[in-house]
Amino acid sequence: MEVPIITNPPAPQIQPDIPHVPQAPSTAENLRQKLRSPWAGIAAIIAILVIGSLIFSVRRPTAPSVLIPTPTTTIYPTPTPQRTPSVIASQSAFISLDASIQTLANDIGTLTIQDPSLSPPVLDLPLGYPSN
Amino acid sequence: MRIFLSFVFIFIAFLALPLLLALPAHATSQQAYQDYLYQFDLYRQTNTDFQVAKNEYLKFKSLTSQATALIKTKTMLAQRNELLRAYLFLLNEKLNEDRGLAGTEKQLYQTLIANEVTFLDAHKDRMSSIGSIDDTVTVSRELESHYMILYASMRQTVIGIMMGDLAVLTQRFDTAHSAAQSLVNISRGTFTPQKQATLDRWLLQIANKRSLYQQKIETIRSTNNQLKGNYQEEIDRNFQTMQKDAAEAKQYLSEGTSNLMELMNAVRYQD
């Protein structure tokens, strides 16, 4: 009798249950993604502004400035008007009255209305003993 | 020789002694002020001792603390009396030295002071009869009930002294004003009409300032004559109002004097 040859069927290939791992993008793809973000636009604008300011800050050589001479003014003091003194100004009565008014003005200025030496004493009047 | 010289010396001293005794001993306001400060220091000291003794007595109620409290209270009451007398004496000396007040006005304030000194003398006499702490309370209440009248009299006198100081300067102002007016009137023909008109305007301005000053003085005088109150704060409030009015009166006098100086400056020159 022929023994049947049992051949085991080939074991199914067991695929390992590998979770889905996203593949790391390539460098070029990475760069393209970064360029698409809004911050890239802002950085580009700032870079253009900086480069442009550097270019235009280089001044063109200009002709030397011409000095305008400032006019110097001559100072003439204003003459004091000469006033004719009156006849009374030389009289002794006028001179003494003038002096007394000056003294009066000084004395009024130095008068103190509130004399601190005349403040009345501060007293504790009620004795504070309890009344019976 | 020695005996003769000693005899001559004794003879000269004998002649000079009556002259020395005849010189009146005037106590100036400065001396009165020093005495007042001294009495105030003593009062603070005795008041502190009294407060300590009183608190001890109220705390312990022992016979010893009671006796000590009685002594300290009597001492304080006597010193309080002396302090008020010293202050009134200071005010009196200030009035004596014043040269601005009219005789009747000065007499009025001195009468006020004399009345209060009489009260304090009677108050001091009653202290000799104090035998217990209740007696000290009774005697003290006499001063407490009279104090508003005493305080108003003191404040009235201070205002009076202040008005006297202003009156001295006002007298000088009036003399200068009158002399300036005479000067302008005498020289009326020597100036141009425009210049004369300027001088007349200055004189009018000075008279206006003098009139405003007088109005303030009358207001102060009227308020001072009626100064009284049930509370010290009320009297102080009126007192401060009068001081403010006095400051304004002084300002008017100052402005009037400035106008006088301007007038003199205008008279000094022909044009």
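Coordinate-derived values only; no laboratory data. All values reported here derive from a predicted model rather than from experimental measurement. Heads up, the Cβs are rebuilt from the backbone with ideal geometry, glycines too, and the neighbour counts pull from every protein chain shown.
Assorted remarks:
- Candidates per trypsin sites (Lys or Arg not before Pro) in the range B:23-96, loop by DSSP, up to 15 other Cβ within 10 Å: B:K61
- Relative contact order [Cα under 8 Å, 6+ residues apart], the range B:166-268, whole percent: 43
- Extension reserve of the B:S258-B:A122 stretch, reckoned as 0.36 nm per residue once the Cα distance is removed: 43.8 nm
- Relative contact order of the range B:30-154, pairs being alpha-carbon contacts under 8 Å that are 6 or more residues apart, as %: 29
- Shielding by partners, peptide B:262-270 (average Cβ within 10 angstrom, other chains): 4
- Counted as membrane-span-like here are DSSP H helices of chain B whose alpha-carbon atoms extend 24 Å or more along the helix's own axis and whose Kyte-Doolittle mean is -1.0 or above; these are B:2-22, B:63-97, B:103-127, B:133-186, B:232-268.
- Charge tally in the Cβ shell below 12 Å around B:E248, where Lys, Arg are +1 and Asp, Glu are -1, B:E248 excluded: +2
- Length gained when the stretch B:S129-B:S62 is fully extended (0.36 nm per residue, less Cα-Cα span): 21.8 nm
- If R0 is 22 Å, the Cβ-Cβ spacing of A:T110 and B:N96 corresponds to a FRET efficiency of close to 0.50.
- Based on C-alpha pairs under 8 angstrom that are at least 6 apart in sequence, chain B has a relative contact order of 18 percent.
- Charge tally for B:I235 (other residues, Cβ to Cβ under 12 Å; Lys, Arg +1; Asp, Glu -1): 0.
- Virtual paramagnetic centre 7 Å along Cα→Cβ of A:Y129, amide N under 11 Å, in the range B:135-153: B:135-141
- Based on DSSP H segments of at least four residues, each scored -39500 (n - 2.57), chain B has a per-residue ellipticity at 222 nm of -32000 deg cm²/dmol.
- Listed pairs B:K72/B:K228; B:K74/B:K94; B:K54/B:K94; B:K124/B:K228; B:K124/B:K216; B:K61/B:K228 exceeding 29 Å between Cα atoms: B:K72/B:K228; B:K74/B:K94; B:K54/B:K94; B:K124/B:K216; B:K61/B:K228
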